[in-house]
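Q: Please read through the structure below; I'll follow up with questions.
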Amino acid sequence: MRRFICPFSAILLGTSLYFSDAARAATHQFDIPAENAPDALSRWQKQCGIGVLAKGADVEGLRFHAVRGSMDDQAALRMMMQGNPLSIERFDGKFVVIVRKSPKRETVVQKVKGTEDVFAIGYHNALSHKRASDVVVDSIAYDPIQTLGGASSIAQSLVLLPGVTAITDGDEPRYVSLRGISPDLNHTSIDGIALATVGENGTGARRVNLQNIPSDMTARTDIYKSFTAEQDAGAIGGVVDLIPMSAYDHKGFYKFIDADAIYSTLAGIAGKDGAKGGTPHWGQGVKGIISDQFGKNNEFGFVLSGRYQYRVRNSSKTFGYSQYYNTAGQVINSPTLPGWNGLLTPSRFQSADYSDAITNVGGSGRFEWRPTRSNLQASVMGWAYRRGEGNTGSYDTMYTNSVTNQTGAGGREKIGSVYLSQRTGDTWQRDSYGVLGHLEWRSRQSLLSLKAGYTWETYANGERYLEARTYPTNQSLTYGGGGPNNNMTYITGYDQPGFWNNAVFKIDSADIYAERAIEKLPTARLDYSWNTGKSDRGFGVAAGFEWREMSISRNASEDMFNTGQVLDPKYFLHPDYTLVGFAKPLPVINVSGFPFSTLPLNAAQTAYYSGTSDYAYQEDLYDGYVSLRYRLPRTVIIAGVRTDAVNYTGWTPQISNSMLTGATTVTHGGYLNPLPSVDVIHHFPYAVNLHASFSMTVGRPNPSQLAAAEYISCGNTSTPGSITDCSISMGNPNLRPRRAKNFDISVDKYFNNNNGFVSLAFFDK
């Protein structure tokens, strides 16, 4: 290869310039940090072999974006220059000429291309990250156009990726399952710092509620499906890492505001049950982002985002319960027994109506410092988000005990009992908070990163519940549905409609419940790597250490009242509303107006059910890793080991003979797991990548599995003819973590200048 070296000190990048006869616009691996323009352009020309011509005055004092991954040379250059007053005057595969834009021209370009460029760059960054990654990863970039209208969440965006399944809450995804594995076996972090979680309803699971984390505080979210020693050890399903949005992701001053409204027509029983509910209404919301850079050379930047949403989610449900009769009209336990009449018969009719008023509110902010001509950069970030749900619910149940005139289309049944239930004041409230700091130093082949964070989450709930029942005599109903296709059955009429208006209802269950839980999670980690960049060759090493302390506590109180009293008819409401499947309106208990203080408190049950729900748990984790790499032009080999060390302490109420003693049981435990991993990546011609990986990871037990107190739960003893089933659950302080051996192999083909890809993956755990 012939090279011509020309010293253009006045128009060069402060260094010499070389041209290569063989250089052409093509695709290369880039690993260029965010730094001042002269240094960034120097790295770019070395990594792609294309010369750069630019006036020193045009690029002096400017700062370029980081670019990493395999991509087209010109696309990489444009991404680096994004937001700067520069343009490419000429690009022919041998050299590129960069000039400063005139103010008028710059304004026109920003008006025409600003929004589209931002999102195109986000998409290309996500795809380039997957292509250049040394592990199996899928990424999705934040796109406000795709999240217009409503409070979009990380959970909603992740379900668009392969191998991700949503676990929903009503009409919204709440958790995600990766490769069919429980969310408790995922690790979720933001900028590498673990997110705190109280689990489901404060029960102390490890699943992170991604419904409460907005997508507009991130630039990209990565899901790692195979693991090197750098990834957290506590992941069997995968690692979810949220990449915070940066002020340098946009051109200068950036603003985005989205307002939405929704009209709901399903009223249900809301507003008719004595509690404030969500009748047909307008819901509303607004969210926005602003960011900018400032300082002499734009060395400072900030991003602020916020959101508010209020809406009501009403729903009606009916439940199907069946039993079997023989030809003599007697109940039998199984259709396999002799004499079954061949028909499914409803054993009870039950429906429920819910009103759920949802409020989402919160915001985040990030401040960044990227000094020119410096190897340092730093950022600090904080957020606070609240999701509150005010829920009311009405439940009607009719039990039956005999059937006549039965056909495939319906029949007639005698009513054994009627239960009316009402729950109100059920206020789930979940708050997520966090503060993160990140300091990074980069010099040639070395990268040193120090991260520290404190995340915490709180959960609170309270409800008032009242149930009344009556045993009518000589009352029957007719029903339809069922049949050979096992359709849902429903009541079509009553022999004496309105019999319940004169019935005597007695209180069957009454309680007031309140619960609070909090988890705190301080974290510190230090990572160092040498010669591990995408453009580095030969031997490289990465090492790091992490400490974090998880502390979670749960406190619940449940006032249990003695029952059997006649419920005064003045605490019944008679709305003109029929629950689905019930043919006629039934009374509704006015729980909001009911004086629970007039009921005698069951002191023993109150103490037991309040105390057994409490626990506290603290876990100290120490993780260290060493990862060795050897990088050839087309092949990368990574071998490493991570040591996962955990010590924990649990505090649980002491129970003897199903009674609280008032003492606390303290348990201790811990484990140490060395976890090796090996990865091989090969880049074939025609933009085909092969990943093969073996790793060992762990699934740490949930805090409640280790520290929960003994708890006895029994069925409804007041149901006529029912058999009471009781279960006992308790924590096991000696429970060991799951250990997983993970095998992964994937083949990816990229096409259309890195705008698309097709992937085939196999995994075994």
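The values are calculated or read from the model by the stated rules, or taken from the named source; none is laboratory data. Not measured: the values here are computed from a predicted model. Every residue, glycine among them, receives a Cβ derived from its backbone with ideal geometry; neighbour counts consider all protein chains shown. Heads up: the accessible areas ignore ligands, DNA and RNA and are worked out on the full protein's heavy atoms, side chains in. Shrake-Rupley method; radii C 1.70, N 1.55, O 1.52, S 1.80 Å.
Q: Cα convex hull of segment 537-599: mean projected area in nm², to one decimal?
A: 13.2 nm²
Q: Something else about it: Hey, what do the phi angles of segment 509-526 turn into as Karplus ³J(HN,Hα) couplings, whole Hz, using 6.51/-1.76/1.60 and θ = phi - 60°, x for Gly and Pro?
A: 8, 8, 7, 10, 10, 9, 8, 9, 8, 8, 10, 10, 9, x, 9, 9, 8, 10
Q: Treating the beta-carbon of each Lys and Arg as +1 and of each Asp and Glu as -1, no other charges, what is the dipole magnitude of the chain about its Cα centre, to the nearest 20 debye?
A: Here the chain has a charge dipole of around 2240 debye.
Q: Using the structure shown, select from Lys101/Lys296; Lys317/Lys520; Lys225/Lys451; Lys130/Lys451; Lys272/Lys414; Lys46/Lys451 the pairs with a Cα to Cα distance greater than 27 angstrom.
A: Lys317/Lys520; Lys272/Lys414; Lys46/Lys451
Q: Which whole-number value in Å³ per residue fits the convex hull of the alpha carbons of segment 294-393?
A: Enclosed volume per residue, from the Cα hull, is 188 Å³.
Q: Sticking with this one: Mind computing the radius of gyration and Dmax over the alpha-carbon atoms of segment 487-533? Å is fine for both.
A: Reported Rg and Dmax, both Å: 30.8, 85.
Q: I'd like to check one number: the per residue accessible area of the chain, probe 1.4 Å, reported in Å² as a whole number.
A: For the chain, the per-residue accessible area is 43 Å².
Q: Sorted by mean Cβ packing within 10 Å, highest first, what order do the peptides 237-244, 260-267, 155-162, 644-651 take?
A: Most protected by this proxy first, the peptides run 237-244, 644-651, 155-162, 260-267.
Q: So what does log10 I(q)/I(0) come out to for segment 329-383 at q = 0.15, 0.16, 0.25, 0.31 Å⁻¹, using the Debye formula with one equal point on every Cα and no solvent?
A: Computed log10 I(q)/I(0) values: -0.75, -0.78, -1.05, -1.22.
Q: Counting only protein heavy atoms, what percent of the accessible surface of the chain is carbon or sulfur at a 1.4 Å probe?
A: Result for the chain: 56 percent of the exposed heavy-atom area is carbon or sulfur.
Q: Nothing charged except the Cβ atoms of Lys and Arg (+1) and of Asp and Glu (-1): what's the magnitude of the dipole of segment 277-381 about its Cα centre? Round to the nearest 20 debye.
A: Result for segment 277-381 is approximately 240 debye, rounded to the nearest 20.
Q: Take every Cα-Cα distance within the chain, group them into 10 Å bins from 0 onward, and report for each bin the whole-number percent of pairs it holds.
A: Spelled out per bin, shortest first, that is 2, 12, 19, 20, 17, 12, 9, 5, 3, 1, 0.
Q: Related question: Rounding to the nearest 20 debye, state how big the charge dipole of segment 340-434 is about its Cα centre with +1 on each Lys and Arg Cβ and -1 on each Asp and Glu Cβ.
A: 380 debye
Q: Compute the Kirkwood hydrodynamic radius of segment 56-98, taking the inverse of the mean of 1/r over all pairs of distinct Cα atoms, and give it in Å to one decimal.
A: The Cα-based Kirkwood calculation yields 11.3 Å.
Q: Moving on. Two decimals is fine: what is log10 I(q)/I(0) at q = 0.16, 0.19, 0.21 Å⁻¹ for segment 193-325, from a Debye sum with one equal scatterer on every Cα and no solvent?
A: With one equal scatterer per Cα and no solvent, log10 I(q)/I(0) is -1.07, -1.15, -1.20.
Q: Any idea what the relative contact order of the chain is, in percent, if you count C-alpha pairs under 8 Å spaced at least 6 apart?
A: RCO, the chain: 10 percent.
Q: Related question: In Å, what Rg and Dmax follow from the Cα atoms of segment 567-628?
A: 24.9, 76
Q: Could you tell me the distance between the Cα centroids of segment 426-456 and segment 581-614, to the nearest Å?
A: Their Cα centres are 44 Å away from one another.
Q: Restricted to Cα positions, what overall size does segment 482-634 have along the principal axes? Three whole-Å values, descending.
A: 88, 50, 26
Q: Report the net charge of residues surrounding Tyr385, where surrounding means a beta-carbon distance below 13 angstrom and charges are Lys +1, Arg +1, Asp -1, Glu -1.
A: Summing Lys and Arg as +1 and Asp and Glu as -1 gives +2.
Q: For segment 446-536, state what percent of all Cα-Cα pairs lands in each successive 10 Å bin, counting from 0 Å until the bin that includes the largest distance.
A: With 10 Å bins starting at 0, P(r) equals 11, 16, 16, 14, 11, 10, 11, 8, 2.
Q: Taking the C-alpha atoms of segment 581-721, how large are the radius of gyration and the largest Cα-Cα span, Dmax, in Å?
A: Just the Cα atoms of segment 581-721 yield Rg and Dmax of 27.9, 80 Å.
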